[in-house]
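Undergrad: I have a structure I would like to understand better, so I am pasting it below and will then ask my questions one at a time.
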Amino acid sequence: MKIDLTETTSSKINSALVQARRDIGTPAIGMVLTLVIVTDEENAYDALKSANDASHEHPSRIIVVIKRVSRSPRSRRDSRLDAEVRVGADSGTGETVVLRLHGELVNHAQSVVLPLLLPDAPVVVWWPEGAPSDLAGDPLGALGQRRIVDTYACEDPLNDLAARSRFYAPGDTDLSWTRITPWRSMLAAALDQQNVRIVSATVEGESDNPSCELLAMWLGERLQVPVERSFSQGPGLTSVRLVTTDGQVVLNRADGGLATLCLPGQPDRAVALKRRDTAELLAEELRRLDPDNTYESALKFGVDRLGHEVDFAPAAASPTSTATDRTAAVDSGTGQGPEPAGSPAATRAKSASKPAPKGATTKKAAS
């Protein structure tokens with residue numbers, strides 16, 4: 001069922017929701033959270049489709065906030081709220097309210113959304129694109145226990161990662177981080193089988209994919225070893241190589257679907273590591289509403305290294321290691337490889353590098 005409301009109010013929208021539930025014979029509310037989607041007309045359809053798909057696992061009230069652009073002084077002065085209420089088969093397993101804000105009301109979206117939140121239920125705010133730098137400081141973001149962005153959708157993902165770290169607050173998360181959950185689980189399981197010392201690591205993937213940077217930051221923070229960021233044609237994240245004292249642990253995914261795991265002294269094995277769509281990523285994030293401390297640690301570990309070709313020298317390794325001369329924990333993501341030896345950039349980077357703590361290497365990358 002769909003109900004269109006023009007020049008309406010939050011009170012009338014709530015009344016329409018109650019009446020719609022009665023009309024379809026489901027007066028009881030069985031929803032577990034409120035999902036607020038802040039987007040524009042261009043991205044509203046895709047975002048709502050993903051949210052509806054995710055609602056099959058997490059029945060929720062979905063509130064879509066669309067801020068309409070006012071192109072004339074008169075339209076900017078006129079405030080108007082239009083709404084579309086959907087219940088039943090048109091809204092997944094919950095309820096959907098699409099809000100279109102005009103004029104001055106654009107700057108006061110929180111006053112419209114607040115009366116529509118489910119009572120005594122968690123609130124999650126999701127920006128598919130165009131998220132503010134300070135999520136918790138945003139009026140709509142302040143309503144949520146969890147705040148979700150997607151750095152992959154930004155024009156400059158690396159600068160956005162730096163902003164995410166600078167303004168991080170408990171409850172912030174990123175779908176670019178969610179994308180690497182299977183990679184982190186697979187690497188942690190692989191290292192559980194190897195009682196060896198990790199010397200260095202390499203993360204390979206597209207130059208504009210922030211998931212690669214986040215995985216490199218996570219490895220650097222957990223293992224405290226040099227992590228090199230290299231580039232490929234994709235799709236997405238393609239390979240992780242961990243150099244150990246017994247050989248290399250390699251997780252390689254060339255086609256975006258099936259990966260190959262290589263462990264020293266063991267036969268290669270094929271593992272499922274497909275690229276997931278937005279609905280699956282969103283459903284994963286809605287499973288937990290507590291702060292993600294692992295994401296926070298990885299994000300804050302790498303943000304001050306994003307702009308440097310070389311950030312710290314390798315940790316002390318055994319004389320037989322072939323990786324002791326490697327440099328750079330996390331590359332700047334400009335699409336260029338390390339500077340040639342002797343170049344001004346390489347000289348500056350070398351002088352600015354800091355040694356890694358002694359004895360900080362570990363054998364596990366626990367997620």
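Undergrad: How big is D for region 133-241, in µm² s⁻¹ as a whole number, if Stokes-Einstein is applied with the Kirkwood radius of its Cα pairs at 4 °C and 1.567 mPa s?
TA: Rounded, D is 86 µm²/s.
Undergrad: If we sort 248-259, 153-164 on the protection proxy, mean other Cβ atoms within 10 Å, highest first, what's the order?
TA: Packing proxy ranking, top to bottom: 153-164, 248-259.
Undergrad: If I model a spin label at Ser133 and His108 as a point 7 Å from the Cα along the Cα→Cβ vector, what separation in nanometres do I get?
TA: Using points 7 Å along Cα→Cβ, the separation is 2.8 nm.
Undergrad: Hey, another quick one. Put Cys212, Cys262 in order of accessible area, largest first, 1.4 Å probe: what do you get?
TA: The ordering from most to least exposed comes out as Cys262, Cys212.
Undergrad: Please list 50-60, 172-182, 104-114 highest first by mean number of surrounding beta-carbon atoms within 10 Å per residue.
TA: Per-residue mean Cβ counts within 10 Å order the peptides as 172-182, 50-60, 104-114.
Undergrad: Quick one: 3J(HN,Hα) in Hz for region 135-151, Karplus 6.51/-1.76/1.60 with θ = phi - 60°, rounded, Gly and Pro as x.
TA: Values, residue by residue: 5, 5, x, 6, x, 6, x, 5, 7, x, 7, 10, 10, 10, 10, 9, 4 Hz.
Undergrad: Any chance you could look up the accessible area of Asp208 with a 1.4 Å probe, heavy atoms only, rounded to 10 Å²?
TA: Around 90 Å² of this residue is reachable by solvent.
Undergrad: Of Lys274/Lys300; Lys2/Lys67; Lys2/Lys49, which sit over 25 Å apart, Cα to Cα?
TA: Table pairs above 25 Å Cα-Cα are Lys274/Lys300.
Undergrad: Just want to confirm a number: the relative contact order over region 84-188, from Cα pairs under 8 angstrom separated by 6+ residues, in percent.
TA: 20
Undergrad: May I pose another question? Can you give the FRET efficiency for Glu57 and Gln193, using 1/(1 + (r/R0)^6), R0 = 30 Å, r = Cβ-Cβ distance, to the nearest 0.05?
TA: Taking R0 as 30 Å, the efficiency between Glu57 and Gln193 is 0.45.
Undergrad: Could you work out the local net charge near Gln233, counting Lys and Arg as +1, Asp and Glu as -1, over the other residues with Cβ closer than 14 Å to its Cβ?
TA: -3
Undergrad: Per residue, how big is the convex hull around the C-alpha atoms of region 159-205? Give it to me in cubic angstrom, could you?
TA: Here the figure is 139 Å³ per residue.
Undergrad: Then there's this: Asn43 versus Ser232, label points 7 Å from Cα toward the beta carbon: distance in nm?
TA: Once both label points are built, they end up 2.7 nm from each other.
Undergrad: Shifting gears a bit: Using each residue's phi in region 17-25, evaluate 6.51 cos²θ - 1.76 cosθ + 1.60 at θ = phi - 60° and report the 3J(HN,Hα) Karplus result to the nearest Hz, with x for Gly and Pro.
TA: 5, 5, 5, 5, 5, 5, 5, 9, x
Undergrad: Counting residues in region 79-209 as N, plug N into 2.2 N^0.38 Å and put the Cα Rg over that result.
TA: 1.39
Undergrad: Please list, ordered by chain and number, the residues whose modelled amide H lies under 5 Å from the amide H of Thr238; skip anything fewer than 5 residues away on the same chain.
TA: HN-HN under 5 Å from Thr238: Glu204, Gly205, Glu206.
Undergrad: Please list, in chain and number order, the residues 5+ apart from Glu228 or on another chain whose amide H is under 5 Å from its amide H, with Hs placed from the backbone.
TA: The answer is Ala201, Thr202, Val203.
The values are calculated or read from the model by the stated rules, or taken from the named source; none is laboratory data. Quantities reported herein were computed from a predicted structural model and do not represent experimental measurements. Ideal geometry is used to build each Cβ from the backbone, glycine not excepted, and the neighbour counts take in all protein chains shown. Areas reflect the complete protein model, heavy atoms only, side chains present, ligands, DNA and RNA absent. Shrake-Rupley method; radii C 1.70, N 1.55, O 1.52, S 1.80 Å.
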